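Asker: Right, I'll just put the structure down here and ask away after.
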Amino acid sequence: MDLISSCDGKRIIDVGAGATTLIDSLVENGYEVTVLDISSEALRILSNRHGTNLQYINDDLSKALELGEYEIWHDRAVLHFLLNPNDREQYVSNLESCIRSGGFAVIETFSTDGAKMCCGLDLHTYDEEMLVDLLGDNWTLIDSIRHTHINPVGGERPYISTIFKRK
Ligand SMILES: C[S@@+](CC[C@H](N)C(=O)[O-])C[C@H]1O[C@@H](n2cnc3c(N)ncnc32)[C@H](O)[C@@H]1O
């Protein structure tokens with residue numbers, strides 16, 4: 001919430017939202033929230049909590065999508081599951097299709113000094129430079145924080161959390 005609330009805007013899309021309680025905090029703080037996930041089960045859980053207070057998109061970020069327009073894009077822990085460079089390019093293309101100049105991308109991934117797998121799946125981990133390279137010339141990195149997330153079973157997971165602004 002601290003990262004997101006430091007960005008201007010209240011229209012947000014949370015991609016790979018899962019069933020995160022971050023969505024509850026966003027709603028409580030007056031955000032207009034769209035959640036996207038490839039998992040219909042995750043969206044069903046959010047729908048049970050929030051009903052028509054959210055917009056729901058059940059789709060795959062590695063495909064070309066028409067997502068609408070938002071002021072903030074938030075991703076915690078989905079980009080790092082995209083292992084194929086073409087899928088990552090499509091992710092950036094989807095991001096750029098819905099965040100205009102002056103908008104923000106808050107992107108949080110496992111960092112290069114951390115775990116290489118999550119939930120039995122391989123990960124593509126990141127440092128600042130890799131994220132800057134991936135997003136390319138249309139974006140300015142305005143903040144980057146390293147921290148250790150404690151997962152639900154007590155494991156330490158080094159993360160990188162970044163805020164980018166679209167030029
Ligand atoms: C580790 S969970 C993170 C959930 C939430 N953002 C959080 O931080 O608690 C990753 C989520 O990304 C979703 N996901 C994985 N690959 C995806 C894709 N290609 N397109 C959209 N969602 C995807 C999964 O279904 C899952 O809900």
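Asker: I'm trying to understand the selection: among the residues of region 35-58, which are within 13 Å of the ligand (Cβ to nearest atom) and either under 23 Å from residue 102 (Cα atoms) or open to solvent by 70 Å² or more (accessible area, probe 1.4 Å) (or both)?
Answerer: Scanning region 35-58 gives 35, 36, 38, 40, 41, 44, 56, 58.
Asker: Touching a residue at least 24 places away in the same chain (Cβ under 8 Å) and more than 16 Å from the ligand (Cβ to nearest atom): which single residue out of 135, 121, 79 fits that description?
Answerer: 135
Asker: Condition first: open to solvent by less than 20 Å² (accessible area, probe 1.4 Å) and part of a strand (DSSP E or B). Now tell me which residues in region 96-107 satisfy that.
Answerer: Matches in region 96-107: 99, 103, 104, 105, 106, 107.
Asker: I've got another one for you. Output the residues belonging to region 146-167 that are over 15 Å from the mean Cα position of the chain (by Cα), of a type in the set (A, V, I, L, M) and assigned to a strand (DSSP E or B).
Answerer: 150
Asker: For region 39-56, enumerate the residues that are in a helix (DSSP H, G or I) and in contact with a Leu (Cβ under 7 Å, 6 or more places away or on another chain).
Answerer: 46 - this is the single residue of region 39-56 that is in a helix (DSSP H, G or I) and in contact with a Leu (Cβ under 7 Å, 6 or more places away or on another chain).
Every residue, every condition in (1) within 16 Å of the ligand (Cβ to nearest atom); (2) closer than 26 Å to residue 8 by Cα; (3) of a type outside the set (S, T, N, Q), yes or no:
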{"site": "73", "(1), (2), (3)": "yes, yes, yes"}
{"site": "83", "(1), (2), (3)": "yes, no, yes"}
{"site": "98", "(1), (2), (3)": "yes, yes, yes"}
{"site": "107", "(1), (2), (3)": "yes, yes, yes"}
{"site": "131", "(1), (2), (3)": "no, yes, yes"}
{"site": "161", "(1), (2), (3)": "yes, yes, no"}
{"site": "167", "(1), (2), (3)": "no, yes, yes"}
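Asker: Another question, then. Checking residue 118 against (1) closer than 24 Å to residue 26 by Cβ; (2) open to solvent by 40 Å² or more (accessible area, probe 1.4 Å); (3) at pLDDT below 95, which test does it fail?
Answerer: (2)
Asker: Continuing with this model, one more query. Being assigned to a strand (DSSP E or B) and among the basic types (Lys, Arg), is that true of even one residue in region 61-72?
Answerer: No: region 61-72 contains no residue that is assigned to a strand (DSSP E or B) and among the basic types (Lys, Arg).
Asker: Could you pull out the residue among 111, 93 that is under 15 Å from the mean Cα position of the chain (by Cα), open to solvent by 20 Å² or more (accessible area, probe 1.4 Å) and modelled with pLDDT of 95 or more?
Answerer: 93
Asker: Return the total of residues in region 12-24 being farther than 19 Å from residue 61 by Cα and open to solvent by 40 Å² or more (accessible area, probe 1.4 Å).
Answerer: 1
Asker: Now for a separate question. Can you name the condition, by its number, that residue 8 falls short on among (1) in a loop (DSSP other than H, G, I, E, B); (2) within 14 Å of the ligand (Cβ to nearest atom); (3) under 20 Å from residue 142 (Cα atoms)?
Answerer: (2)
The values are calculated or read from the model by the stated rules, or taken from the named source; none is laboratory data. Remember, it's a predicted structure, so these values are computed and weren't measured experimentally. Neighbour counts are summed over all protein chains in view; Cβ atoms, including those assigned to glycine, are modelled from backbone coordinates with ideal geometry. The accessibility values were calculated without ligands, DNA or RNA, using every heavy atom of the protein model including side chains. Shrake-Rupley method; radii C 1.70, N 1.55, O 1.52, S 1.80 Å.
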